[in-house]
Each structure stands twice: as structure tokens, then as C-alpha cells.
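Heads up, the thing below is written out as C-alpha cells.
The values are calculated or read from the model by the stated rules, or taken from the named source; none is laboratory data. In this text the structure is predicted, and so the values were computed from the model without any measurement. Here the Cβ positions follow ideal geometry from the backbone for every residue, glycine too, while neighbour counts run over all protein chains shown.
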Amino acid sequence: MMHPQATEQRSLPVKFFEVLEQEVILSQDMLSILHEEQKALVSMDMQALLRLSASKENRLSRIQAMDSLLANLTSEIRPKTSGKAASLAALLPLLNREDGSKLAQYRKILTRLREEILKRNLINRHFAADVKTYLNDAISLITSGIAERPMYGLTGLSRKPSLNQPSFISREV
């Protein structure tokens, strides 16, 4: 006796697509913030970097909240299997043609945005690390050159610091 397979095609709730749309908007926002961050890194605008850092944290927490909401909505439609969370891709075969096509389009957009976010974030982190290394090297060169002079800041035989020259060199920027 053959058992009929469940071929019922489902529709996703409107809220599901609203959450996906929010994810796209937040991801585009994050990408924009990362582009601004790159400009601020190049110009070494510390005020802008601090502001952008707070914006990045905000967007990240909002994206994570949307991800969590999507995961909950997805698990309601397709319960977890073998300890793994249900994915958007796992929903595609369950959906009617229209919702499946719409979901596939959102997945494609979000995948592209997330890859670009990761790439831009990596570039910014490498740039910041390179600048930090450069500045530390420059400070080391400057301070080591001065520190190697035994008489720097000292006059005559008194070995007391001169009022005209610094006797302490700070390595802080």
C-alpha cells in the first residue's frame, strides 16, 4: 500500500517577509556604516570612528534580533531536525511557488549583503591594524632615537634636566 506524500504547499505569514525586509534594510545600513568607517579610518577621524562604532553595535544587535525572530518563525513552520536549526533553504520545498520564489530572492540578496559586510569589515580591520602598526613603529623610531642620546635633556656636568629640553619622553599618542 502506497502512502501519499504530503505535497501541500504552504504560504509564509506576512510577518515573515516583513522580518526579511527589515534584515535587508539593516544589512544595507551596516554596509553603509562600514563604508563611512573606511573613510574615517583613512582620514583618521577619531570622532567619526567613535560615532560609527556605536552605530555598528546598534545595527549588529538589531540584525541579531531579526535573525533570532526569523529562526523562531522558521522553526514554527519546520521544526528542528536532528538538533540543527531549520534554515531558510529548508523551507523552500515546503512553500507554494510564489512564496518560494520570494524567499529565494530574499536569501540571494541577504547572502550577497552579508558577504559584502564580512569583506568590508575585514578590510577595515586590516587597515586599522596596519595603521596601528605603522604608528607604533613611528613612535618607537622617534623615541628610541632620542633615548639613545645619553646627554639628551642634560646640560654640563650637573646631570640635571635642562629647562629648554624635555627630560621625560612619553610613548603615548
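Here LEU60 clears all of (1) modelled with pLDDT under 90; (2) in a helix (DSSP H, G or I); (3) not acidic (Asp, Glu) except the condition numbered (1).
Would you mind stating whether ILE146 is at pLDDT below 90 and either in a helix (DSSP H, G or I) or surrounded by fewer than 11 Cβ atoms within 10 Å (Cβ to Cβ) (or both)?
Details: at pLDDT below 90: yes; either in a helix (DSSP H, G or I) or surrounded by fewer than 11 Cβ atoms within 10 Å (Cβ to Cβ) (or both): yes.
Here the answer is yes, as ILE146 does meet what is asked.
Looking at LYS84, LYS119, LYS132, just one residue is of a type outside the set (Ser, Thr, Tyr), more than 17 Å from GLU23 (Cβ to Cβ), modelled with pLDDT under 85 and under 20 Å from the mean Cα position of the chain (by Cα), and that residue is LYS132. In the set (1) surrounded by 13 or more Cβ atoms within 10 Å (Cβ to Cβ); (2) polar (S, T, N, Q); (3) out of contact with any helix residue (DSSP H, G or I) (no Cβ under 6 Å at 6 or more places or on another chain), SER55 fails one condition alone, (3). Pairs linking a residue in segment 30-57 that is on the phi > 0 side of the Ramachandran plot to a residue that is modelled with pLDDT of 95 or more and assigned to a helix (DSSP H, G or I), with Cβ atoms under 8 Å and 6 or more positions apart or on different chains, do not occur.
Given the structure, is SER53 assigned to a helix (DSSP H, G or I) and closer than 22 Å to LEU135 by Cα?
Details: assigned to a helix (DSSP H, G or I): yes; closer than 22 Å to LEU135 by Cα: yes.
Answer is yes for this residue.
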